[in-house]
C-alpha cells in the first residue's frame, strides 16, 4: 500500500509542475472512443483509464474533473457527425452527380517560371482542397458550406467523349463553377489490410467527400480579403525559387525545397520511399528540428543588434507563425509552434518552462481545434516521439554523467577535455538517436511493417547534416536575391550535403537493415507506447521491470507473429489512377509470392502496402507486361520488392529506359531472366505461347497479347497446370477490367475508381 501511495504522490508532484498534462489525458480519454471509431470494449477502457487518472490526480475531489472526459466524448461525437458540413445534408445519396460553386482554399504548388534558373519540373496538380459555397439541385441553387477534395482522373482516355478535363491554372481563392460527381471516402478495408487509411487522413483534415470533376464551367480570380491572403501564401513560391537557385540536380532541389518549405510534390517518390524505409523521413517534415534551428539563428541575430530580451520573443513568435502557415501548417509544425509559444510565455514572465507542460498544452490546443488530429499519423508520430525524448532524456543524462565520471580509459591530459564538450555531445547524440529509434519502432511497425535496425547509426550521422542544411537556408536565400554567384557556390555545397543525406538514407534502407514484418494491430501499438512511456517514467524497480517485461513481450509478439493466410491464393490490388490492377499469386511451396501483372504505378504501390501488411518484403518472380503503358508499376515493384527472377516479353518496352536499367542491374546482381512468347490472338490457343519451367518446378503457360493499352483486348492469360489455375485479365471497355479464374463463373469486375481496392481470393 505504501508503494502505491508513493507512486500516486510522485504522479501528483509531476502533475503540479505540468498541469496541462492531466487535462490533456482526461480530455483525450473521452475523445478517443468516437474519433478512433473504437469498439465498445475499447471505449469503456478509455473512460476507465480517465476515471483512474482523475482519482490519482484529485483524490476525493475527482468529481471536479470528470467533466473533461465527458466533454471530450461529446465533442468527438459532434465532430464525427460534422454538422457544419452542411452540403452533406443536401446530397440525395452518398455518391451522386452535381453542379457546385466552390472556392480554392489550399495553396496550389506554382509551376516554376520559365525565365528562372530553377531545375524543378512543373508539378501537375491532380487534387486541391475546395470550400463549397452552393450546390445546384433540381435547377435551383442551395447555399451550403464544407470542405471537399477536388480530384481529376489521371491519364487520358482513348475515347474522346471521356477525355480528362483540363485543370485550369488554380490559385488560392479562385472561384470555380464545376460539374462532377461526389464520391465517398475510401474505407480501411478498401485501401489497406491494416487499420490506418488515406480516408482517415482526409477526415482528420475535415474532408468527408471527394469531388471528381467532369467539366469546368467557369473560373474567376479571387476577390476581397482573399486577394492579400493569396499574395501572402504565394510567397512560398518565391522562397522556393531562392532556395533552389543555382541547383543543377532536380532531385536535390526538390529534396531541399521539401525540407525547408514542406509539401511532397517536389520530392521524387523513390527518394521519399528510401527515407521511409530508413526511418529518416522525419527530417523532411517541418518539426522541432526546423523550429529550434530557426529560433536559435533568429535569437542570435536579434541579440547581435541589441534587441531587448522580451522584445526578441515578441518579434519571433509572429514570424515563426508566418513560417508555419507558409509551409502548410502540418500537425508536427503546429505542435512545434505552440510549444515555442508556451515556452516564450514562460520566458517573458521569467518563469521556469517545463517542456512536458508545453507539449501537453500544444496537444490540447490542436485537439480542441480538430479532434480528428488524433487519427493523423503525423500528429501521433510527432507527439509520441517528443514525449519519448522528454521522458527518456533523464536516464540518458544519468548514463552520460556516469560515463564522464569514469573515464580512466583515457589519458589524464585528455580527461578534462573529454568532460567539457566532445564526450558529452557524442553520448548525447547517440542516446537521442537510440530514444528516437525506440520511440518510432512501434509506429513504424504499425504503419509500414518496418523495423529499421540501422536507424540509430544513420540518424546520429544524419542530424548534423540536416542541421547544416537548415542553417544554410537563410544565407542561400539572401545570396540568391543579392549576389547570384555566391548563391551558385552555396548551391554546390548544399548539393554535396544532399548527396551525403541520400547516401545515408540508402544505406539505412537496405533489406538487411530494414526488414519487413506483419503489421500489428492498433491495440498492440497503443499498448507498446504506453509501456514504453511507463518504462521511461518509472521511478521504482517494480514498475521498471514490469514495463520492461511487457515491452519485450510486445516486440516478440509483433515480430514473431505470422499474419499470412494459407496459400494458394490471389491478391488483387487496384490503384486510383485508372490503370489495370496488380495481380499477385501465393503458392504453397514458397514464402515469396509471384507477381503475375504489375498494373499501374498506383496499383503497384497498393500491392507493396498489402504485401508489407502480410510480412513480405520480396517477391519470387515478376512477369513483365508487353505494353509500354503498363510498365510503370513494374518499375515500382522492382525498386521496392527486389524480384529474384523476371519473365520478360520477347522485346523489352522501348519507352521506359529506367525500367530497362533496373532489369539489367537486377540481372547483374544475380536475378534470373526468362522470356515468353506473345499469343497470336486467342489466349485459349496455348500452342501459340511458350511452356515455361518456373524456379519452383511447375509448368505454366503465360500468353499476354500485344494489344495497345486503352483498347479492348486480353492483357494476360495465365495457366498453371499444378494448381489447376487459369487466370485471364480482360479490358472490356475503357476503365472496365474483368479478371476471371479457374471457371467461367468465377470472376471479379474492377471499374476505374478513385478508391483503391484490395481483394484476397483463396484458391482452395
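Numbers at a glance
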read-out: Value of Rg/Rh across the stretch 200-240 [Cα atoms, Kirkwood radius]; value: 1.10
read-out: Mean Cβ count within 10 Å, highest first, over the residues of peptides 98-106, 20-28; value: 20-28, 98-106
read-out: Segment residue 499-residue 548, length gained on full extension (0.36 nm per residue, minus Cα span); value: 13.7 nm
read-out: Prolate/oblate/rounded label for the stretch 1-81 (Cα gyration tensor, a/c 1.5); value: prolate
read-out: Cα-based equivalent ellipsoid, the stretch 429-493: semi-axes from gyration tensor eigenvalues, Å; value: 35, 12, 9
read-out: Segments 67-80, 307-320 sorted - mean Cβ within 10 Å per residue, highest first; value: 67-80, 307-320
read-out: Relative packing of peptides 285-291, 327-333, 499-505 - highest average C-beta neighbours within 10 Å first; value: 285-291, 327-333, 499-505
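Readers should treat all values here as calculations from the given coordinates under stated rules, not as data from a laboratory. Given the structure is predicted, the values throughout are model-derived calculations rather than measurements. Positions of Cβ are generated from backbone atoms using ideal geometry, with glycine treated the same way; all protein chains shown enter the neighbour counts.
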